[in-house]
Structures are given as structure tokens and as C-alpha cells.
1. Given labels modelled 7 Å from the Cα in the Cβ direction, how far is it in nm from B:ASN135 to B:ARG4?
2. What share of the DSSP beta bridges in chain B is antiparallel, in percent to the nearest 5?
3. What percent do you get for the relative contact order of the stretch B:6-167 when only Cα pairs under 8 Å and 6+ apart count?
4. Using only atoms on other chains, find how many Cβ atoms lie within 10 Å of each Cβ of peptide A:31-41 and report the average.
5. Test of understanding: ordering A:LYS157, B:LYS150, A:LYS48 by Cβ neighbours within 10 Å, fewest first, what list do you get?
6. Given the pairs A:LYS188/A:LYS247; B:LYS85/B:LYS140; A:LYS26/A:LYS188, which span a C-alpha to C-alpha distance of over 20 angstrom in this model?
7. To the nearest 0.05, what FRET efficiency results for A:GLN32 and A:ALA3 with a Förster distance of 45 Å applied to their C-beta separation?
8. Quantify how strongly other chains surround peptide A:48-59 by giving the mean number of their Cβ atoms within 10 Å of each of its Cβ atoms.
Amino acid sequence: MAAYKALFNLVVAFFLVLSLEGIARKIMARIQRRIGPPWYQNFIDLFKALSKHPFSNGWIFDFGVLMALGGALATAMIIPMGSITWTPFPNSDNFFVIMYLFAVGALGMAMGMVGSGNPWASIGVSRALTQMLGYELPYLIVMSSVIFFYKTASIHKLIELQRGGWNLLVMPLGGIVAFISLMGMLGKKPFDIMIAPAEIASGPMVELSGKYMGLLHIMHVFSVFVEISLFVDVFLGGGSFGWYLVKFVVVWVLAVMISSVLPRFRIEQMLKFYWGVPLGLAFLNALFVLLGWTL
Amino acid sequence: MKERTIWEQIADSFRSRSIWMLHYCTGCGAMELPPTMTSRFDMERFGVAPMATPRQADILLITGYLNTKTLRRVIYTYEQMADPKYVIGFGSCTINGGIYFDSYSTINRLDYYVPVDVYIAGCMPRPEAILEAFNYLMEKIRKGEADGWKRYRENYEWYKQNQIRSLGEVYVHDEFHE
Ligand code: SF4
């Protein structure tokens, strides 16, 4: 049963996030007063990329791409989708398990892309890891205070404990900080420094051709699923499968709309930003939780 | 022409709807690309999107005259792209030399050096003409007629000879592994 649920997770993640990416391109086009591509454009892009004849850059490169995909797939399998009914592995959906598994994918990507030997790729990877340093610190402090408050790190138990009210309303500061960190995780506009097509030629992806591009696109799809699902489960109280999907779409559209009107930070501006206001708010949130001043 | 298998036909119809382009801006024609990309003409609605590197790109836009120095880079760029790849020659300079036909440092006919799938006539072509060319290229890809990359493989000796005749040497240096 758990295996079927895990597979169902993957199917939902694939179709949901790919169509949402297409819809994001449409939204961005409408904001810029264009018509924009159809919503299924990203499916076409993905299948086309998988149909090309790519170049490899050695076995470290191949292995890195597979490791990235495997890490993201494994993480997407254990994410609860809104409630205990849609939790594939109720005993191992611990927040720390998810964070560790998720790092496997990111490290695989870093290893493979540096293995391509292109200097732009190395710069891109170093930027991506710096950005991780930026957003993970406030995010983890907020998550620690959440875990301390509810005395559990299991995601589906967190969802059940939020029956009385969403965590976003219980600790609004934490919710806001988590959303700002989420923008960085998704690589949305003010924080898309690691791929910056105009400056570093799309960074880590610079040497990816054809099928490799397709595989990393699939990895990206599952990463987006994991990141937004965590936010929806921990701060918006999950809910039944339908409500979970609605919240997922709302969070995604909000992130896209914010990102489509903002320019890009430089790397040190990003770090200063994350370690300034969001980090301060995260500490304040932790203090409020310790003092018991929650709503 | 060989019959395509059913998989190739499906793949070709995907390829025709999603064209990632690398615009290596060699000449003045590149000036017409920004309006084609942005809100006025909006080429993203056809699935055409700009890409940053040759590895990811499907089509190479040669936007105008090529002198022998840029030609070398264009050939390197073309050889770095993943098959299937397509080339659009942009403006009359790529067809027969245009107004630079008697210049000492430019090449006259692009088709001698890399296989061109679609030419756009005009000096310089307007965004409408560019969109028309993209649609024509999509049609050709869907029917499996855009086979420049196959021609380049089959007649590699001939292309190489032409390249060496104009450039002296063509050798892609692999600086990282040397
Ligand atoms: S065809 Fe005309 S516009 Fe295009 S590169 Fe040549 S001279 Fe310039």
C-alpha cells in the first residue's frame, strides 16, 4: 500500500508541477502584456529535451545527474500530501529525514555539474551553495521553533496538531520568514542568482544537453514539489487532498507573481538580505515561542 | 529521403513545438530580435525561447554578416550543439554577402560552412518576417525536412574542406583537459 501511495505522490508531483510551471509562464506573460505559451508548453519542452542526442562529460557528470534525480525522487516519495491518508510512510516522514534526503539531490547536482569542468558551472554551483547557506539558516530556526512548540518533528503529526488553527496564524512571523526562504529555495526572481542566464550563462546547467537537461528538469520538478509541500503541510495545515492542491496552487501563484515583478539580487546582497531581516524575525519568533507568546 | 519511424515522427512534432534558440549576434540583424522576443511580437507563444549556451540550444541564429574571425566561433558553437540542430540564416548577408559582397574579410555564402535550414531574406528582416521564418521552420521540422544536421554529418568532409579553405585551420581546443 505504501509503495502505491509513494508512486501516486510521484505522479501527482510530475503532472501538478509541470502544468503549474506552464501556468507560471502564462501568468508572467500576462503581466508583461503578452499572450504567452500554452500551459502544456513545459511538457513539450521536457519530452523534446529527452528526445535529443546529448554529450556526456565523463562518469562523474553522469553519476551526479543520476544522484540528483534519485535524491529528489526519494524525498518526493515520503512527503505527506495534506493528511495521514496521503502519507506514504507515516513512520519516516520526519522533518530531519526529509532535510537530509533532500540534501543528497542538491549535492549530487553540485558534484555532477562541477564534474563538467566548465568554469560557469563551478561559479553557478558556488552561488547555489551560498544561497543555500543564506536561506537555510532562518528557515531552520523557524522550523526548530515549530518543532519545539508542537513537540514533534513528524510532518503528519504537525498537520494533525494544526486542526485548531494554521501555524501561519499561530506564529505569523515564522510563516513570513518561511515563505521568504521558500522563494530562495524555489530560485524565484530576486533570488535566482545561481542560474542568472545573462551573467553566468545559466550557471550549473551550462554544459547540460538534451537528455541530461531533461533529467535535471524532472529533478527540479520534484524539488519544487517537496519545497512547496513542506510549506503547505507545516504552515497552512495541510487538509484533505483537494484542499492541499488548492493551497499548493495558491502558494505557487503567489511566488510567481512576486517573482515576475522583481529584478535579481547580486550574491552578496542576497546574503545580506537573508541574514538581516528574515534572520532577525526568525530569532524573534523563536523568542516568542519560548516565552509562550503565540496567538 | 528515408522513411521516419513512428517514434521519430512523435519526437519531431515535439521538437517543432519547442525551439530553444541561441542567438549568436554577429551582425546588425540582431537588432530585430529584442522586439521579436518582447511584448510586441511575443515569440514565446510559439514555444521559442532564448537559451544561454549552445549545449541547450536547438537552433542557431546567424544574424547577418560573418567575417572570418567570427566564422570560426560560429563553427565551434555549431559543433557544440546537440543533434538535432537547425540553423537560420538571417538577412541577405548570409545568402550571398549582401552589401558586404566584395569585402576582404567577410564570407559570402554561409551554406558552404554550416548547413542552413531556413534563410530569411531582407536587409534587415522585420520581426514579422522572423516569425514567418520560425513558423516555416516548425513546419519543416514537423515534416522531417529540416535535415541540416544529417547533411552536415554525411558531407562532413566537404564542409571541412570549405572551412579550412577560408580559415586555414579549424581545431576545437579543449582547454580544460589539456
Ligand atoms: S543583411 Fe543587412 S542588416 Fe543584415 S547583417 Fe547584412 S547589412 Fe546588416
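1. Reported label-point gap for B:ASN135 and B:ARG4 is 2.0 nm.
2. Just about 5 percent of them are antiparallel.
3. About 24 percent, as a whole number.
4. 4
5. On the way: A:LYS157 17, B:LYS150 14, A:LYS48 25.
Ascending Cβ contact count within 10 Å gives the list B:LYS150, A:LYS157, A:LYS48.
6. Violating the 20 Å Cα-Cα cut-off are zero pairs.
7. It comes out at approximately 0.55.
8. 5
Throughout, read-outs are computed from the coordinates displayed, never taken from laboratory work. Since this is a predicted model, take the numbers as computed values, not measurements. A quick note on method: Cβ atoms are made from the backbone with ideal geometry, for glycine too, and the neighbour counts reach across all protein chains shown.
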